[in-house]
Amino acid sequence: MASPRELKSSTQLLVEGINPKRVFRVFCESWGVSDVEIHDFGNNENLRPYLETFARTDGFRRVRNLGIIRDAETSAKSALESGQNTLRSVGLSYRSLRENSTPGNPFVSVFVLPNGMDQGNLESLLWRSIEDTSEARCANEFLGCLDLGDIRVTRRDKARIQAYLASKSKPHGSVGVAAERGNWDAEHDAFAEIRRFLTNLQGAPSAPEPARIEPEEDSRGPGKRR
């Protein structure tokens with residue numbers, strides 16, 4: 001994905017795909033997280049070249065807080081380690097896997113979906129917010145029927161989210177469009193961790209501005225240079 005031409009906000013968020021970009025834009029608005037620019041870096045393989053270009057973008061020196069959200073897929077630990085290596089390769093890093101941010105300029109934070117610990121992705125997180133609904137139970141029954149027919153569903157959370165969205169009055173396969181239509185309850189407890197991450201991102205401590213060195217005054221009075 002192409003990097004932006006200019007960065008205008010001191011808080012930047014990079015996400016893995018256009019659908020997460022749309023979802024988190026809606027969530028940020030719902031949670032009052034303002035003045036955050038959200039960018040789609042494509043996929044994990046593209047993160048390093050994207051960051052290399054992003055760090056040279058006009059306005060990057062003004063960035064104080066940088067957040068990255070990516071999927072865990074099969075392992076949250078491996079995803080964090082991969083993110084750590086990628087950040088280090090472009091001169092950015094965070095302290096450790098559990099304390100996954102670093103003071104600096106910018107202050108970098110990383111969140112691995114669905115919750116920083118479990119395997120999965122954005123759809124895994126969204127599923128947790130609707131799994132107790134009657135529509136979700138029907139989606140599970142549908143996948144159970146596929147299992148009985150020896151049809152292998154390899155990305156189960158994505159599949160059952162698609163089945164759930166098919167139940168809406170205006171079905172659409174995009175979870176981002178679903179967010180814009182209000183299909184995800186941003187106040188659900190399932191989103192507590194990602195909400196905390198995004199709220200803290202905006203309020204993260206940043207590196208102090210370089211101190212200005214004022215010219216010394218001499219005995220000839222204020223404003224006189226030696």
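Just to be sure, is Val23 open to solvent by less than 40 Å² (accessible area, probe 1.4 Å) and out of contact with any strand residue (DSSP E or B) (no Cβ under 8 Å at 6 or more places or on another chain)? In short, yes. Taking first residues from the range 105-121 that are free of Cβ contacts under 8 Å to residues at least 60 places away in the same chain and buried (at least 18 other Cβ atoms within 10 Å of the Cβ) and partners that are assigned to a strand (DSSP E or B) and of a type in the set (S, T, N, Q), the Cβ contacts under 8 Å between residues at least 6 apart in sequence or on separate chains come to Val108/Ser101; Val108/Thr102; Val110/Ser101.
Being within 13 Å of the chain's Cα centre (by Cα) and more than 20 Å from Gly176 (Cα to Cα): is that true of Asn19 here? So Asn19 does not fit the description; no.
Can you tell me which residue among Glu37, Glu29, Glu52, Glu45 is under 19 Å from Val90 (Cβ atoms), open to solvent by 40 Å² or more (accessible area, probe 1.4 Å) and modelled with pLDDT of 95 or more?
Details: Glu29 fails: under 19 Å from Val90 (Cβ atoms); Glu52 fails: modelled with pLDDT of 95 or more; Glu45 fails: modelled with pLDDT of 95 or more.
Every option except Glu37 fails the conditions.
Restricting Ala192, Ala159, Ala186, Ala179 to those that are at pLDDT 95 or above and over 21 Å from Glu29 (Cβ atoms) reduces the list to Ala159. Pairing residues of the range 1-21 that are in contact (Cβ under 8 Å) with a residue 40 or more places away in the chain and aliphatic (A, V, I, L, M) with residues that are assigned to a strand (DSSP E or B) and open to solvent by 40 Å² or more (accessible area, probe 1.4 Å), at Cβ distances under 9 Å and at least 6 apart in sequence or on separate chains, gives Leu7/Glu37; Leu7/Asp58; Leu13/Glu37.
Would it be correct to say that Ser30 is touching a residue at least 12 places away in the same chain (Cβ under 8 Å) and among the hydroxyl-bearing types (Ser, Thr, Tyr)? Taking the combined requirement at face value, the residue satisfies it.
Annotation: of all residues in the range 55-82 being open to solvent by 30 Å² or more (accessible area, probe 1.4 Å) and part of a strand (DSSP E or B), the one that is nearest to Met117 (Cα to Cα) is Glu73. A single entry from Ser206, Ser124, Ser129 fulfils the requirement of being polar (S, T, N, Q), surrounded by fewer than 19 Cβ atoms within 10 Å (Cβ to Cβ) and at pLDDT 95 or above: Ser129.
Taking the stated definitions as given, is Arg160 out of contact with any strand residue (DSSP E or B) (no Cβ under 6 Å at 6 or more places or on another chain), open to solvent by less than 70 Å² (accessible area, probe 1.4 Å) and touching a residue at least 24 places away in the same chain (Cβ under 8 Å)? It is true that Arg160 is out of contact with any strand residue (DSSP E or B) (no Cβ under 6 Å at 6 or more places or on another chain), open to solvent by less than 70 Å² (accessible area, probe 1.4 Å) and touching a residue at least 24 places away in the same chain (Cβ under 8 Å).
The values are calculated or read from the model by the stated rules, or taken from the named source; none is laboratory data. Since this is a predicted model, take the numbers as computed values, not measurements. Reconstructed Cβ throughout: ideal geometry from the backbone, glycine too, with neighbour counts over all protein chains shown. To get the accessible areas, we keep the full protein, side chains included, count just its heavy atoms, and leave off ligands, DNA and RNA. Shrake-Rupley method; radii C 1.70, N 1.55, O 1.52, S 1.80 Å.
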